[in-house]
1. Would you mind calculating the gained length between Lys186 and Glu247 on full extension (0.36 nm times residue separation, minus the Cα-Cα distance), in nm to one decimal?
2. Evaluate the relative contact order of the range 58-263 (contact order divided by residue number), counting alpha-carbon pairs under 8 angstrom at least 6 apart; express in whole percent.
3. Highest mean first, how do 155-168, 186-199 rank when packing is the count of other Cβ atoms within 10 Å averaged over residues?
4. In deg cm²/dmol, rounded to 500, what helix-only [θ] at 222 nm does the chain give when every DSSP H run of at least 4 residues adds -39500 (n - 2.57) and the total is split over its residues?
5. Tell me which residues come under 5 Å, amide H to amide H, from His142 once H is placed; ignore anything under 5 positions away on its chain.
6. What is the log10 of I(q)/I(0) for the range 58-263, computed with the Debye formula using one identical point scatterer on each Cα and no solvent, at q = 0.12 Å⁻¹?
7. Between Gln45 and Ala256, with labels modelled 7 Å along Cα→Cβ, what's the label distance in nm to one decimal, could you check?
8. For the range 47-169, list log₁₀ I(q)/I(0) at each q in 0.16 Å⁻¹, using the Debye formula over Cα point scatterers of equal strength and ignoring solvent, two decimals each.
Amino acid sequence: MNNVFDFAEACLHRADIEEKLQLTAKAWQLYQQGELKFDSLSAVQEIEQVCFPDKPELLAPRYMARRKLGTPEGVQAFYHALAHIEFIAIYLAWDILYRFRGLPEKFYQDWLRVAYEEALHFELIRSHLRKLGIDYGDLPAHQGLWEHAQDTAHDLLARLTIIPRCMEARGLDVTPGMIDKIRTLKDEAGVKILQRILQDEQQHVLFGSEWFNQQCREQQLEPEATFKAMLLKYFNNNKPKGPFNNEMRLNAGFTANELAWLNEQ
């Protein structure tokens with residue numbers, strides 16, 4: 001296997017976690033060696049064909065138990081939730097790469113890098129979870145993130161708006177506060193993992209911003225107006241709630257006007 005779309009198809013349609021991580025690492029290695037092909041020859045399967053592991057059990061957010069971070073069970077639940085976000089992020093990166101064809105080769109290179117880094121994040125958190133006495137899959141997890149991918153499976157502009165420029169950008173807003181909380185627990189290993197994730201996530205959101213703007217140019221759309229319209233369309237006329245990390249969002253390709261609009265009450 002040496003074609004990026006074959007790797008993507010395998011990662012999306014095979015449920016085994018270890019195989020997914022190995023395939024992602026192998027695709028990145030081949031790319032680094034200049035041996036990965038980007039020929040879009042295979043047909044694209046519908047998003048309903050994507051396969052997930054049997055565990056964790058996926059629940060709607062309202063059914064998720066709420067635990068305080070101050071207890072051992074709360075710390076386990078916190079890292080398990082984080083592991084799940086990073087695991088689904090591997091799928092999200094592979095899916096945007098797999099589903100939307102006919103784009104410049106750099107598009108596929110950028111999202112391959114995101115898939116590789118999300119897999120690294122997941123492995124870091126899973127290793128930390130195991131030190132806390134549980135493994136990924138031992139607790140239930142929420143299913144909301146993937147539903148956004150399903151909703152935007154046929155519209156690249158919508159996908160770029162909702163996943164990197166909304167859901168992932170939320171990580172830029174909340175992770176600094178999470179780092180502060182974990183630091184109070186004297187969990188320095190956890191702090192380092194979260195700092196690494198935050199640093200990489202800014203670049204991932206920037207990729208989203210760059211390709212969002214590229215698509216707006218291609219389709220002759222005004223980017224700021226399109227961003228607002230897409231967000232309101234997919235969130236039932238509700239804007240995401242702040243507070244927003246304006247500095248990191250600016251570094252990740254948001255404009256001052258977009259941030260002014262988001263910050264309006």
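What follows is calculated from the coordinates using simple rules that are stated; it is not laboratory data. Bear in mind that the values here come from a model prediction, so they are computed numbers and not experimental data. In this analysis, Cβ positions are derived from the backbone assuming ideal geometry, glycine residues included, and neighbour counts consider all displayed protein chains.
1. On the way: separation 61, 0.36 × 61 = 21.96 nm, distance 2.70 nm.
So the chain would gain 19.3 nm between Lys186 and Glu247.
2. Relative contact order, the range 58-263: 20 percent.
3. 155-168, 186-199
4. On the way: 11 runs with 169 residues, N = 265.
My calculation for the chain gives -21000 deg cm²/dmol from helical runs alone.
5. So His142 has HN proximity to Leu59.
6. Rounded to two decimals, the profile gives -0.62.
7. Here the modelled spin labels are 4.8 nm apart.
8. The Cα Debye sum returns log10 ratios of -0.81.
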